[in-house]
Amino acid sequence: QVQLVESGGGLVQAGGSLRLSCAASGRTFSRYGMGWFRQAPGKERKLLATISWSGGSTYYLDSVKGRFTISRDSGKNTVYLQMNSLKPEDTAVYYCAAVEGGTYKYWGQGTQVTVSS
């Protein structure tokens with residue numbers, strides 16, 4: 001019922017920045033809590049950041065706290081992840097997801113982020 005499409009990934013040198021976007025369509029976007037995840041080859045998908053439907057509450061994984069910022073613009077049905085001071089270990093496929101019924105039910109297709117040494 002909800003479709004999510006990520007964009008903004010690419011290749012960047014260590015210390016650089018990228019801004020990821022997640023565009024939503026279908027159900028009313030503003031009623032959903034949103035999260036950003038990433039998955040590197042051979043590793044489990046990891047939750048990086050979350051934001052409430054109102055945008056007033058956020059959570060960050062310790063390893064990205066102070067470097068990454070999650071935000072949303074409900075009027076544009078878009079959630080963002082600003083990534084600064086990128087490190088090679090940040091290299092992964094990044095996904096956005098929407099919460100329904102207490103679980104992350106809807107997922108985007110992912111966007112590749114590669115950070116060179």
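The values are calculated or read from the model by the stated rules, or taken from the named source; none is laboratory data. Everything quoted here is computed from the prediction, not taken from an experiment. As a convention, Cβ positions derive from the backbone with ideal geometry for all residues, glycine included, and neighbour counts pool all protein chains shown. Heavy atoms of the whole protein, side chains included, go into the accessibility calculation; ligands, DNA and RNA do not. Shrake-Rupley method; radii C 1.70, N 1.55, O 1.52, S 1.80 Å.
List of remarks:
- Flag if Arg31 is in contact (Cβ under 8 Å) with a residue 24 or more places away in the chain and of a type in the set (Lys, Arg): no
- Index of the failed condition, Tyr80 passing every other in (1) in contact with a Leu (Cβ under 8 Å, 6 or more places away or on another chain); (2) open to solvent by less than 40 Å² (accessible area, probe 1.4 Å): (2)
- Within segment 49-108, being touching a residue at least 40 places away in the same chain (Cβ under 8 Å) and aromatic (Phe, Trp, Tyr) holds for Tyr80, Tyr94, Tyr95, Tyr104, Tyr106, Trp107.
- Scanning segment 75-93 for residues that are over 15 Å from Ser25 (Cα atoms) and among the hydrophobic types (A, V, I, L, M, F, W, C) returns Leu81, Met83, Leu86, Ala92, Val93.
- When segment 72-96 is filtered for residues that are at pLDDT 95 or above and within 11 Å of the chain's Cα centre (by Cα), the ones remaining, listed by number, are Tyr80, Leu81, Gln82, Met83, Val93, Tyr94, Tyr95, Cys96.
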